[in-house]
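Working notes, beginning with the structure itself.
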Amino acid sequence: MDEQQQDINHLFDYNEIDSDQLLEFVSLARFYAASPAGLLKVLNREGLSSFTLQHLPFTLLPTPFMKSKFELALELQPHINLLWHKCAKDTDFLHTCLDNVAKSDTYISKLLDILDRTAHLNVKRIRLNMVRSDYMLHRDIGSSSTDFNLKQVELNTIAAGLINIGPRVQQVHHFTMKYYQQLKNIFAKPHKFQETLQPYFDPSNYSMPPNSADEKSVLAIYTAYENYCSLFQPQRNRTIVLFIVVQDDKEYNLFDQRPVEISLFTKYGIRVRRKTLSQLNKTMKLGLNDTLLLEDDEVAIGYFRSGYNPSFYPTSDEWHTRLIMEQSRAIICPDIGMHLMTFKSIQVKLSQPGIIEKYIKDSAVAEKISSVFAEQIALDGSDRAEAAISRAKMDQTAYVLKPNKEGGGNNLFNDDAINFLNEITDNETLASYVLMQRLHPPSFPVCLVNPDKKPEIAQGNNELGVMGHLIEVDGRVELNIEAGHVQKVKNVKDNESGISCGFGYVDSPLLY
Ligand code: ADP
Ligand code: MG
């Protein structure tokens, strides 16, 4: 372990603090998270009112992330926005990546069908993409290098969550950092690294980068709405933004969404309505001039915070609703092409040599983007796939087995992956999975604050999410920005860090 890494590991030493004081600290931080930070979720439990709130699971203090890699992730975001955007408009590219998967996946084949039925219509004069690119730092096991590389875990193009949570966690962490500093001054024991590594040891030597993810998500939706109004001149007070959502009593993450609605209205007078896909079946229709109508309102933007897996399309009616959205002139975020860009098989294709260069002409930029891609292998029966399967069966630390699914909790790790690969041999099923190089991030001491449990001091790994928004009007890119960030932490004992599947803790980066 190199010196700086050793030092980072001792940045926050929870054992240094008296245990009663730590509990008092956590209890205060929980209140701070609830108010003023509003780091909240809705507790959708049987028998409780639909307005029962809890704080989100969060880390007591921010976790370290290498400054140079953080800056690289931010710098790359507009280029990544553009790459995904260009690929999303290339129907041949989408088919090349997904046709094989679609043979055994009816959800993807139905999405491709909508693409084929609408791509030629050219009704989408305005496009809006709001994505989140997730990263881990990675160093090969046993590597003698002291450095970590930035690696993209995935890019979410539909219903990317936590887009507004980053600034709230950071607000909590500005408070807890100050508080911790005081406690440390009272309780600190002489530390064996303290003398030699003094310049790094003081948390105030680290910085929490500015984060305006909340403002930028509102800005993106507002800018797209304004473009719609100036292009089509609709009756403004009857022109809405529609959030296509999970049924309210099943959605925990309303504090990621409702503040956007409130800001759009208070700042710009834009009215937002929320509907599930199924609620739209009877109320949504196409109007004159390809307008998309929800009862008597014209939909300028349909913003998906649901719809990312087959459970949202229980009948052919939901598929019909998805189709008419695509046939309309409304801005659908994401449109069908961009929705298809979320699947893991897209990442596989993009990680192959020479592909990015077709879309990104600046070779230095293309090279930087490829440097953050991990090894990804399609299970297509090729020699490369067979070799990877053999290696995956022998070495649990080599790969993660991923289906083309969204929403967390779907990946297979360790024995589960090996058992699956031993059992499943039919090519069609295998084709819907990819093997992704397993990333080995650094770990840090963390204090995990879960609303339902006692605070837990553990070793954790972090994962950085960077938001990106892009707007195109009549083929011209009007907005292309890096739009803030959020971090998640998981216990090293767990494989996944999804907040919705109960393993993840929202967090913010402390740059070193
Ligand atoms: P989903 O689309 O379901 O969110 P992800 O690709 O983001 O799927 O994976 C979910 C989680 O699994 C990640 O947040 C991360 O914790 C873990 N994970 C995914 N890929 C890897 C990998 N290559 N190495 C290690 N962990 C991974
Ligand atoms: Mg995802």
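The values are calculated or read from the model by the stated rules, or taken from the named source; none is laboratory data. Predicted model, so just to flag it, every value in this text is computed and none were measured. Please note: Cβ atoms are built from the backbone with ideal geometry, for glycine as well, and neighbour counts cover all protein chains shown. Ligands, DNA and RNA are stripped out before the accessible areas are found, and what is left, the full protein with its side chains, is counted by its heavy atoms. Shrake-Rupley method; radii C 1.70, N 1.55, O 1.52, S 1.80 Å.
Structural remarks
- Rounded accessible area of L264 (nearest 10 Å², 1.4 Å probe): 0
- The range 400-512: C-alpha gyration tensor shape, a/c 1.5 cut-off, then a/b vs b/c: oblate
- In this structure, R238 and A364 have a Cβ-Cβ separation that, at R0 = 56 Å, corresponds to a calculated FRET efficiency of about 0.70.
- For the residue pairs K69/K349; K89/K250; K151/K184, the C-alpha atoms sit more than 30 angstrom apart in K89/K250; K151/K184.
- When the surface is traced with a 1.4 Å probe over the full set of protein chains, V123 keeps roughly 20 Å² accessible.
- The Rg/Rh ratio for the range 1-148 is 1.10, where Rg is the radius of gyration of the alpha carbons and Rh is the Kirkwood radius.
- Put a dot 7 Å past the Cα of N410, heading toward its Cβ, do the same for D20, and the two dots end up 5.1 nm apart.
- Quarter of the Cα convex hull surface for the range 203-282, i.e. its orientation-mean projected area (nm²): 8.0
- Accessible surface comparison of F175, F413, probe 1.4 Å, protein chains only, largest first: the order is F175, F413.
- Each 10 Å bin from zero holds the following percent of Cα-Cα pairs in the chain: 4, 18, 28, 26, 16, 6, 1, 0.
- The per residue volume of the convex hull around the alpha-carbon atoms of the range 255-302 is 84 Å³.
- Per residue solvent-accessible surface (Å²) - the range 221-318, probe of 1.4 Å: 46
- Within the full protein context, the accessible area of E367 is estimated at about 130 Å² for a probe radius of 1.4 Å.
- Kirkwood Rh in Å, taken over the range 69-136 so that all alpha-carbon pairs contribute: 14.1
- Long hydrophobic helices in the chain, taken as whole DSSP H segments with a C-alpha length of 27 Å or more on their own axis and mean Kyte-Doolittle hydropathy at least -1.0: 67-88, 166-187, 213-232.
- Note on T397 and Q181: the extension gain reaches 74.0 nm, defined as 0.36 nm multiplied by sequence separation minus the Cα-Cα distance.
- In terms of its Cα atoms, the range 242-341 spans 34, 31, 27 Å along the principal axes, sorted from long to short.
- Calculated FRET efficiency, S230 to R271, Cβ-Cβ distance, R0 = 25 Å: about 0.85 to the nearest 0.05.
- By the helix-only formula, in which each DSSP H run with n ≥ 4 contributes -39500 (n - 2.57) and the sum is divided by residues, the chain has a 222 nm mean residue ellipticity of -11500 deg cm²/dmol.
- Where R132, R127, R45 fall by accessible area, highest first, once all protein chains stay in place (1.4 Å): R45, R127, R132
- The stretch between N309 and H95, if pulled fully straight at 0.36 nm per residue, gains 75.1 nm over its current Cα-Cα span.
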